[in-house]
Each structure stands twice: as structure tokens, then as C-alpha cells.
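Enquirer: Let me begin by handing over the structure; questions about it come next.
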Amino acid sequence: MAKGFFKQHGADVTGVLTSTGGGTSVRNTLAGDLPYGEVALSAAIEAIRAGQPLKIVCAGAESVADILWIAKPDSPLNSIEDIIGRKIGYTSPGSVTNMLILMAMRAKGIDASKVMLVPAGGIGANLTAVLSGAIDAGMTGEPVWSQEKSKVKPVFWTKDVLPAEMTQTVGIVTEELAASAPEKIRAIIEGRREGVKYIQAHPDDAADIVAKTYNIDPALTRAVFRHFLEIKYWSEGALNYTAMDRMLEGLKIVGKLKEPMDWQKVVDVRFLPKDLQSATTH
């Protein structure tokens, strides 16, 4: 918005709203409050399977390499194998972090019944629970990791146990908007892509824009942006079905998906720029 990328492509975007999570963002999009929502892939799939008239139109965040589990510096926990018999926090049942901890344990052959998993709340609540000793380890991510890493240590990074290339978020629109205003969707996706390219070319300037908008420490925001670029966090929009399928495995593990997903029924790539349509991989 600050660089005018949306306007250049014909999208009159006047605000970007945050929410408490994927489900809330899905509801906001359905309510017509937002023409486009960027939500957790798991939240989008759950809503579509529940009969909501939504389409996935682009990729958002294409990596889970930002998520790790932390403990106090003097903790004896130094690897995922050390969590056996311990209280381990995640955000909430059925969440991305719930999926990731279960997937990570399965990848390492750890019996989930031998680990006490605790839904500790949001990223800040997990940190508080770790520091207070309420749990032995908890999940974290940016910007909390860059801000608080002097107080904790990594137990394990998701990227060291699972493939880092896993679709976290996707762009969704209502089927009504897809039919009535396709050019608006194309413009939003194009504007967003320009934003991702700008971050890649000018990470410090982009970080400063975000820091000013959300009243965050600019030095912290710059550190977070550099980390995100290192792990190739942001997608320009092309869909990667392999990375999406990996997230679906998590939905199966937490019992929220049983049958295979036919992407052709829930995805609409018509709104992507031609080169991104070609870059969409199966």
C-alpha cells in the first residue's frame, strides 16, 4: 500500500486487517468485509470442506522454517528426542503448530502418547509458559524469536525435522467475487507480488514501512525480514501442490481430513499472472 503497488495494478486497497487466526480471517472474507483473505491453508480447507463458497487463488507463506520449539537456557532439552516424557506446548488443537509437532514426532519415530502436549495459547503465551516453568518447551516464531532469543534456547527447529517447503498460508476469495470482479482479484494478487519483490530487493526499507505501520522496533523488524528472506518465506503467488500436500498430511494426523484432496475443485489459478500460472507445480 505504501509504495502504491495495489493502485498501479488497479486495486483500490485502503487497509489491511489482521485477525486472531485463520478461522477468523475466513469468516471476515465470507462476511464480505474483505475481498481477499490470506489465511492458513488448513483453515481454508476446513471452510471449503464445510461447504463455504471459497476458492484458493494464490500462495502466501511457503515455508514453516520460521517455527521452532524453545526452552529455558538451563533446560536439559536440546533436541526433539529429549521431549519424551515432557510437557510440550503448541498453540491450539488442530492448529498448524499442533500439526507440526505431531508430524515432527512421527518423522523421528517418537510415540506421541509418551509426550504431554499442552495447548498453551498464542506465541506470547507459549513463551510465558516456558519462562514460568509451566511447560518444558513451547513453540515460537517471528517476531518473538528475534526479540526474546537471549532468554531462551532452541530445542529443535521444524526445518531440521520436516521439509521446510510447506504451504502455511494461501489467498482466498469468495466464489461470488470470483464471478463478479475477476479483475479486482488479479489486481490484488499483482499488487501483493510487487510487494514481495520489493521486500526481496529492499528488505530494510520494507521492514521500516511495516515497523512504522504497526509501531514495532525498526531494528527488530529488519532482523525478522532478513530471517524471512533467508528461509524464502514469502511466495510471489504460484501454487506448489507438493508443499500444499505436506500441510494436508498434518490435517490427516489431527483427524480433520480423511479423504484425498482434489485441488482442482478448490483452487482457481485464473487470477494468477500467466508466468505464475506456468510456475504452479504439481
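The values are calculated or read from the model by the stated rules, or taken from the named source; none is laboratory data. Owing to the predicted nature of the structure, the values given are computational and were not obtained by experimental measurement. Note: ideal-geometry Cβ built from the backbone for every residue, glycine included; neighbour counts use all protein chains shown. Ligands, DNA and RNA are stripped out before the accessible areas are found, and what is left, the full protein with its side chains, is counted by its heavy atoms. Shrake-Rupley method; radii C 1.70, N 1.55, O 1.52, S 1.80 Å.
Enquirer: Residues in the stretch 232-265 that are buried (at least 18 other Cβ atoms within 10 Å of the Cβ) and in contact with a strand residue (DSSP E or B) (Cβ under 7 Å, 6 or more places away or on another chain): how many?
Expert: 8
Enquirer: Here are Gly191, Gly138, Gly195: which of them is within 30 Å of Tyr241 (Cβ to Cβ), under 18 Å from the mean Cα position of the chain (by Cα), at pLDDT 95 or above and small (Gly, Ala, Ser)?
Expert: Only one candidate qualifies: Gly195.
Enquirer: Quick check on my filter: what residues within the stretch 48-66 are open to solvent by 10 Å² or more (accessible area, probe 1.4 Å) and touching a Gly at 6+ places or on another chain (Cβ under 8 Å)?
Expert: The one that is open to solvent by 10 Å² or more (accessible area, probe 1.4 Å) and touching a Gly at 6+ places or on another chain (Cβ under 8 Å): Asp66.
Enquirer: Can you pull out the residues in the stretch 213-229 that are open to solvent by 60 Å² or more (accessible area, probe 1.4 Å) and within 22 Å of Lys159 (Cβ to Cβ)?
Expert: Correct list: Arg222, Arg226.
Enquirer: Let me ask you something else. For the stretch 266-276, which residues satisfy the criterion of being open to solvent by 50 Å² or more (accessible area, probe 1.4 Å) and either without any contact (Cβ under 8 Å) to a residue 12 or more places away in the chain or in contact with a Gly (Cβ under 9 Å, 6 or more places away or on another chain) (or both)?
Expert: Residues satisfying the conditions are Lys274, Asp275.
Enquirer: Here is a further query. Find the residue count for the stretch 164-204, including only residues that are open to solvent by less than 60 Å² (accessible area, probe 1.4 Å) and not aliphatic (A, V, I, L, M).
Expert: 15
Enquirer: Got at least one residue in the stretch 189-198 being free of Cβ contacts under 8 Å to residues at least 24 places away in the same chain, farther than 14 Å from Ala2 by Cα and of a type in the set (Asp, Glu)?
Expert: No, the stretch 189-198 has no match at all.
Enquirer: While we're here: Having 3 or more residues that are buried (at least 20 other Cβ atoms within 10 Å of the Cβ) and either among the hydrophobic types (A, V, I, L, M, F, W, C) or out of contact with any helix residue (DSSP H, G or I) (no Cβ under 6 Å at 6 or more places or on another chain) (or both) is the bar; report the helices (runs of 4 or more DSSP H) wholly within the stretch 71-159 that clear it.
Expert: Because the criterion is at least 3 residues that are buried (at least 20 other Cβ atoms within 10 Å of the Cβ) and either among the hydrophobic types (A, V, I, L, M, F, W, C) or out of contact with any helix residue (DSSP H, G or I) (no Cβ under 6 Å at 6 or more places or on another chain) (or both), the helices (runs of 4 or more DSSP H) in the stretch 71-159 that meet it are 96-107, 123-132.
Enquirer: I need the full set of residues from the stretch 214-241 which are farther than 24 Å from Lys149 by Cβ and either over 20 Å from the mean Cα position of the chain (by Cα) or not hydroxyl-bearing (Ser, Thr, Tyr) (or both), in order please.
Expert: Glu236, Gly237, Ala238, Leu239, Asn240
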